[in-house]
Structure formats: structure tokens, C-alpha cells
Amino acid sequence: MRHGLRRLLAAAVGLVAAAGALSPSHAQSPQTWPRTTVKLIVPLGPGSATDVTARLYAERLAARWGRSVVVENRPGPDALVAVSAFVAARDEHTLLFSIGSPVTINPIAHATLPYDPDRDLVPIAAASDSFLAVAVTSSLGINSIDQLIARARAAPGKLSWAATPGLPQFIFAGFAKAAGLDIVQVAYRDFSPALQDVAEGRIDVVATGLLPLLPLAQAGKVKPLMVTNRERSPAAPELPTAKEIAHPELAADGFQGFFGWRGISEDLRARIAADIVAVGADTALREKLSALGQTVRTGTPDEFAMLIGEQRAKIAAIAQAIGLQKQ
């Protein structure tokens, strides 16, 4: 009996010790992290701009850390597959590299989520901004957002629009509501046909990434009107920002960045963020991101958290204005 009790106690102590080894309080110190390969989980597929950006950072972070940094693609609707995999890993050597939607849009668009966006996804640092734009089919003869507003008001229900799901769709829907426009949204399961349709004049307006619009603009098929970002795009410096044209409702940065696990220490967050800032200063990386229609945007964990909070508040206000029903 005593021997059996001792075995049970020994087993219990072993379980507690094992649990303690995995708890945040026993997490590796910033000075010794990482001790093994670091994994970056990405919610988009290979070859996407987010994937390429993650790999550019991974290569340079590996050089700084002296450890391999591998990218694992987990594509799926609303980034839920990738985020679920990241949260389930519970591993201090697994990071999430993601667009902002898991922490800015999903909490507002979904009634339930398989993760806690405020506790399971800890902001470490932004990495880049993707340039987003509003463009019209060239046959409209419209050259500014104000001209678009005037045309839409003069012909209620006659113009149509489409947007990339996520941030562009919310931003344009909020703009249309704020401006009192009766403009018909056209939904696409795959957004590629929308680009062809706006080029051929079958739809009138699109809100999407700037980069895929540029070849259509050069061919005279579409007319980009502005970028939603805080600064002008090096790829199309003639396009004004939302702030410059006095339409703050169209302002949005398509940011993406690094998130850590629940319980990551503040010291380690700061250390990883500082390494991301250092990597982001690399001229070659900046040039490659520019070719992807992006610009480097790094900073502290607090700055990233503030950026996330501001965008989530904006999305929440738009959702209320347009009467969004959570799914």
C-alpha cells in the first residue's frame, strides 16, 4: 500500500514538473532564445505576398539568431486554420506571421472563434504595409474619389463595386455608407475575375491591392484613384492618400506582422521586436518588399498593439454602420 502511494506521489510530482517546464514562468530567457528551429505559421499559401514577406524576414532573422527559421503555410478562410494551428502548438519556438484580420476583423465578423484574439495572439512587431487602392474602369472617365461620389449620387443603383474580402471590403463598404451612396456590391468567390471584369467595364469600381492594378492601369483599362495607406506608394507616387484627399473613411493600412504565444515574456517580445526592426532596415529587403507592393513598417510591441487597436475600432464602427450580422 505504501509502495503504491509512493508511486502515485512520484507520478504526480513528475506531472507537475512537466507542466511547470511548459508554463510561461519557465519560458526561455531572452538571452538564450531561440534554442532550436523557429517556425513561422502563415495563413496564406506559398507565393502569396504575405508568404514571400515572411520568407524574406525568416532568412534574415535566421542569420541574426543562428537558428533556422522555417515558414509553414496554413491557408484557409479568414486565417482560422493558421491561427488554430498556432494556438494549438503552445510552443515558444512557433510564431505567427499574419495579416491583421485575425485580431481586427474576425472578432467583429464572427460570433465565436476557436481562439482568444486578445490573449492567444500577442503582438510582437509589425513587418510591412501592403498598399491598397480604389480604382475605376477607365470607360467611366472618372479621375477622383469626389467625381466617383458625384457620379454615384447622380445615378443611384447604377454603379457596381467589388473588393478583396477582408480589410478592402470593409473600408469601401464603410466609405459608401458614410457618403450615402447607392452602389451595388458584386461578390466573387475568387477575386481574379473581378480584375478582368473591371478592366472590361463589366463592373465599375474595385478596392484591392495596388500591385495587381498597375498593369491594368498601364494598359489603359483601369484608373486607380488613391491609396488607403498613410503614405504614397513608391510604385505609384502620383496617387494621393486618403488623408490627402480629405476622405479619412478610406484610410487603412494593410499591415502584417509577427505574433507570439500566450504567456510570452515582455523582455522576449521586446528582444524579438528589436531584431525585426534591425532586419527591416536592410536595403535589399526594402527593395524586394517594394516590388511586392509593400513598404517596411516595424516598431515596438506597444506600437503594433496600438495599430491593431485603432484598426479594430475602425472595423467595429463600420460593422455597426452597415449593420453587419456576425456569422
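Quick notes on this one:
- Residues in the range 198-227 that are closer than 17 Å to residue 149 by Cβ and out of contact with any Pro (no Cβ under 8 Å at 6 or more places or on another chain): 204, 205, 206, 223, 224, 225.
- Residues that are under 30 Å from residue 138 (Cα atoms) and among the hydrophobic types (A, V, I, L, M, F, W, C) number at least 3 in the following strands (runs of 3 or more DSSP E) confined to the range 208-327: 222-227.
- Flag if residue 317 is outside the structural domain of residue 120 (by TED's automatic domain parsing), of a type in the set (Gly, Ala, Ser) and more than 30 Å from residue 35 (Cα to Cα): no
- Within the range 290-319, residues that are more than 18 Å from residue 280 (Cβ to Cβ) sit with their Cβ atoms under 6 Å from residues that are of a type in the set (Phe, Trp, Tyr) and at pLDDT 95 or above, at 6+ positions apart or across chains, in these pairs: 315/170; 318/170.
- Residue match in the range 275-298 (condition: in contact with a helix residue (DSSP H, G or I) (Cβ under 8 Å, 6 or more places away or on another chain) and either assigned by TED's automatic domain parsing to the domain that holds residue 169 or within 25 Å of residue 110 (Cβ to Cβ) (or both)): no
- Which numbered condition residue 310 misses (of (1) touching a helix residue (DSSP H, G or I) at 6+ places or on another chain (Cβ under 7 Å); (2) surrounded by fewer than 22 Cβ atoms within 10 Å (Cβ to Cβ)): (1)
- Consider the range 313-327 and keep the residues that are surrounded by 18 or more Cβ atoms within 10 Å (Cβ to Cβ) and among the hydrophobic types (A, V, I, L, M, F, W, C). The one that is farthest from residue 250 (Cα to Cα) is 319.
- Of everything listed in (1) over 21 Å from residue 134 (Cα atoms); (2) modelled with pLDDT of 95 or more; (3) not assigned by TED's automatic domain parsing to the domain that holds residue 107, the single unmet condition for residue 220 is (1).
- Consider the range 94-114 and keep the residues that are among the hydroxyl-bearing types (Ser, Thr, Tyr) and either part of a strand (DSSP E or B) or touching a Gly at 6+ places or on another chain (Cβ under 7 Å) (or both). The one that is nearest to residue 71 (Cα to Cα) is 94.
- Tally of residues being in contact with an Asp or Glu (Cβ under 7 Å, 6 or more places away or on another chain) and surrounded by fewer than 15 Cβ atoms within 10 Å (Cβ to Cβ) across the range 228-280: 2
- Scanning the range 134-174 for residues that are under 14 Å from residue 105 (Cβ atoms) and outside any helix (DSSP H, G or I) yields 163, 164, 165, 166.
The values are calculated or read from the model by the stated rules, or taken from the named source; none is laboratory data. Keep in mind that what you see is a predicted model, and the values were worked out from it rather than measured. Don't worry about glycine lacking a Cβ; one is built from the backbone with ideal geometry, like all the others, and counts go over all protein chains shown.
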